[in-house]
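Here's the structure we're looking at; comments come further down.
Read-outs throughout are calculated quantities, based only on the coordinates presented, and are distinct from any laboratory measurement. What you are looking at is a predicted structure, and each value in this text was computed from that prediction instead of being measured. When we count neighbours, we look across all protein chains shown, and the Cβ atoms used for this are built from the backbone with ideal geometry, even at glycine.
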Amino acid sequence: MPELPDVEWTRGRLQKWMRGASITSARSDDARVLRPRAPAVVMRSLVGRRIESVSRRGKWLRIELDHGVYVFSHLGMTGEWVERSTEEPTLRAERVRLDLRRADGRAASVRYLDARRFGRLLVAREDILEWRELGPDPLADGLRVSALRAAFARRRRAVKETLMDQTVLAGVGNILATEALFYARIDPRSRSDALSEAQVGAVVRGLRKAIRKELATRERAGDEGWTDVFEVYGRKGQACRRCETPLEHIVLGGRGTTFCRKCQVRRNSRVVETGA
Ligand SMILES: [Zn+2]
């Protein structure tokens with residue numbers, strides 16, 4: 001599932017493709033991705049609008065058009081924005097959920113593709129609830145140890161689950177949480193409300209490192225040959241890169257969680273029991 005670095009990379013591309021452009025045609029027949037409003041209604045509200053900017057909070061994108069119209073986009077599991085030649089088939093072609101053409105003379109359209117259709121596209125006149133209720137965004141707002149510690153203290157859950165709570169921090173998913181806790185050397189089952197200021201500081205540094213690394217990998221790979229190299233995520237049973245102990249895999253809060261039992265210490269006595 002796309003997390004903050006993927007969505008930030010997408011934002012940069014959308015901004016490059018669309019800022020300042022006017023929409024001459026908008027086509028979609030996908031009522032599921034565009035729920036709750038009908039595709040025809042949504043499309044009518046886009047044609048003739050000029051795109052002012054593209055911003056991001058967490059995993060949400062907000063395309064701001066003139067006359068106070070916003071398009072909100074969440075990529076879900078498999079959503080992606082691409083620029084394609086208008087010669088390529090559009091609607092009815094598999095996976096194309098939205099096709100936008102711009103008044104720039106280029107024979108290309110900007111398209112939203114989504115194989116599994118868990119993504120969302122919403123057109124609104126104001127910020128939607130899902131956008132407003134997000135916690136601080138690590139890139140847009142920065143990460144502050146004191147604020148994060150206060151948010152951790154209010155939640156009596158495993159630190160990994162707290163990190164993935166979008167009202168605590170926007171954009172942190174399974175990958176960033178898993179990697180950050182490895183860097184911080186904290187067992188993902190440790191309770192967030194029992195971490196010391198120094199330990200929260202280590203989580204913040206771990207998050208910064210994981211985000212920076214992911215953004216750099218994205219930039220380097222671009223569209224092609226995109227492969228992730230993670231420290232622990234997805235490396236169940238393989239040797240820890242720090243101590244060579246085989247990495248553990250448990251289910252925590254319904255999500256697969258990989259960590260090193262030796263390097264990642266239970267930082268407090270109040271450990272959440274998972275039965276795993
Ligand atoms: Zn280790």
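Taking Cα atoms of the range 12-130, Rg/Rh with Kirkwood Rh, to two decimals?
My calculation of the ratio gives 0.91.
How large is the charge dipole for the chain, taken about the Cα centre, if only the Cβ atoms of Lys, Arg (+1) and Asp, Glu (-1) carry charge, to the nearest 20 debye?
Details: 55 positive and 37 negative charges, 127 e Å.
The calculation lands at about 620 debye.
Each of ILE23, ALA177, GLY68 was scored by the projection of its Cα onto the charge dipole of the chain, and the greatest displacement toward the positive side belongs to ALA177; charges sit on the C-beta of Lys, Arg, Asp and Glu. When every Cα-Cα distance of the chain is counted in 5 angstrom steps from zero, the calculated P(r) takes the values 1, 6, 12, 15, 16, 14, 11, 9, 7, 5, 3, 1, 0 percent. Counting other Cβ atoms within 10 Å as a rough exposure proxy, the listed residues GLU52, GLU197, GLU214 run GLU197, GLU52, GLU214 from fewest neighbours to most. For the range 176-264, rounded, prolate or oblate, judged on the Cα gyration tensor with a ≥ b ≥ c (square roots of eigenvalues), a/c < 1.5 rounded, else prolate if a/b > b/c? It comes out oblate by the Cα gyration axes.
Using the alpha carbons of the range 90-203, what is the convex hull volume per residue in cubic angstrom, as a whole number? All intermediate terms of the calculation are to be shown ahead of the outcome.
Numbers: hull volume 18.5 nm³, N = 114.
So the per-residue Cα hull volume is 162 Å³.
For LYS59, a cut-off of 20 angstrom between C-alpha atoms picks up these lysines, skipping any fewer than 8 places away in its own chain: LYS16, LYS160, LYS209, LYS213.
Between GLU126 and LYS236, take the C-beta separation as r, use R0 = 41 Å, and let me know the FRET efficiency to the nearest 0.05. Don't skip to the end; give the middle numbers.
Details: r = 44 Å, r/R0 = 1.06.
Plugging the Cβ-Cβ distance into 1/(1 + (r/R0)^6) gives 0.40.
Counting neighbouring Cβ atoms within 10 Å and putting the fewest first, the residues MET43, MET18, MET77 line up as MET77, MET43, MET18. In the range 168-182, which residues have a backbone nitrogen under 16 Å from the label point lying 7 Å from GLU133's Cα in the Cα-to-Cβ direction? The answer is 168-171, whose backbone nitrogens lie closer than 16 Å to the label point.
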